[in-house]
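Every number here is computed from the coordinates shown, using simple stated rules; none is lab data. Fair warning: this is a prediction, and the values are worked out from it, not measured in the lab. Neighbour counts are summed over all protein chains in view; Cβ atoms, including those assigned to glycine, are modelled from backbone coordinates with ideal geometry.
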Amino acid sequence: MEDLSIYLKSTYYIDYNTPSVSKLSKEIVAPYPDEKAKAIFNFVRDKIPYTPYSPFHLPEHYPASRTLKRGEGYCVQKAVLLAALARAHSIPAQLVFADIKNYSIPPKLWNMMKTNIFAFHGYNELYIDGRWIKVTPTFDIGMCQRLNLKPVEFDGHNPAIFHSHDLDGHLHIEYIKDHGHFADLPFETVVNGFRSAYTEDMIKRWMESSLQAEKEW
């Protein structure tokens, strides 16, 4: 039997013992006592809107409590929050990272990135029904409606990752490289992965956009 205790701990990043996270975790699942994992997934997917312009370069940008307070985040930050909310209800959770290709990247984001490769996309694995299940809470329903994307739906028991095509049948997401799974956020690995994958100019543009966004919160 796999020792799952490491996937249930509260950490600096997965800080479900923080009062704000602990309180919210109870509120989310209260109406759905038999569908806790699904309720948590839906909350993180839709109540924490996705933004690629979230600050990313310091450790303090990633704790679940910080993302909750900010009210939005990019994929890694949303995955950390989902892990925290799941662990708060004794659902083992870990972080998973992969490079993906987004064929539907919006023009504004393309102008910042100059590539449609997203390095170290962060998502989750939850231990349910005796097995690890991949789930991706990244794109909120509002974003999917605006961009004509097929939302990722999680039934609480089966894998729920990005769809390969959008609602019109066009290519959307391709998983191109797996970086493994982690019990806690490997901050240095992720940020160094960004710096290896992207040009200095792109990192500079991302940092400038995220710092401007942070000033507006």
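Axis angle, to the nearest 10 degrees, between helix 19-29 and the longest C-alpha principal axis of the chain: 80 degrees. Thr199 sits among other residues whose Cβ lies under 10 Å from its own Cβ, and their net charge, with Lys and Arg +1 and Asp and Glu -1, is +2.
Remark: Ile173, Ile105, Ile141 ranked as Ile141, Ile105, Ile173, counting other beta-carbon atoms within 10 Å and listing the fewest first.
Mind checking the angle between helix 36-47 and the chain's longest principal axis? C-alpha axes, 0 to 90 degrees, to the nearest 10. On a 0 to 90 degree scale, this one is about 30.
Between the beta carbons of Ser196 and Asp34, assuming R0 = 41 Å, the FRET efficiency works out to 0.40 to the nearest 0.05. For the pair the range 59-111 / the range 149-211, the C-alpha centres are spaced 9 Å from each other.
Spacing of the modelled spin labels on Asp155 and Ser20, each 7 Å from Cα toward Cβ, amounts to 3.6 nm. Compared with the dominant Cα axis of the chain, that is its longest principal axis, helix 75-87 is turned about 0°. Relative to the 2.2 N^0.38 Å rule of thumb, the range 5-216 has a C-alpha radius of gyration ratio of 0.96. Label reach from Ser10 (point 7 Å along Cα→C-beta): in the range 183-198, amide nitrogens under 18 Å belong to 184-185.
Separation of the range 1-21 and the range 120-138, taken as the distance between their Cα centroids, equals 15 angstrom.
About the centre of its Cα atoms, the chain shows a dipole size close to 400 debye [charges on the beta carbon of Lys, Arg (+1) and Asp, Glu (-1) only; nearest 20 debye]. Under the combined filter of DSSP loop state and at most 16 neighbouring Cβ atoms within 10 Å, the range 1-73 retains these trypsin sites (Lys or Arg not before Pro): Lys9.
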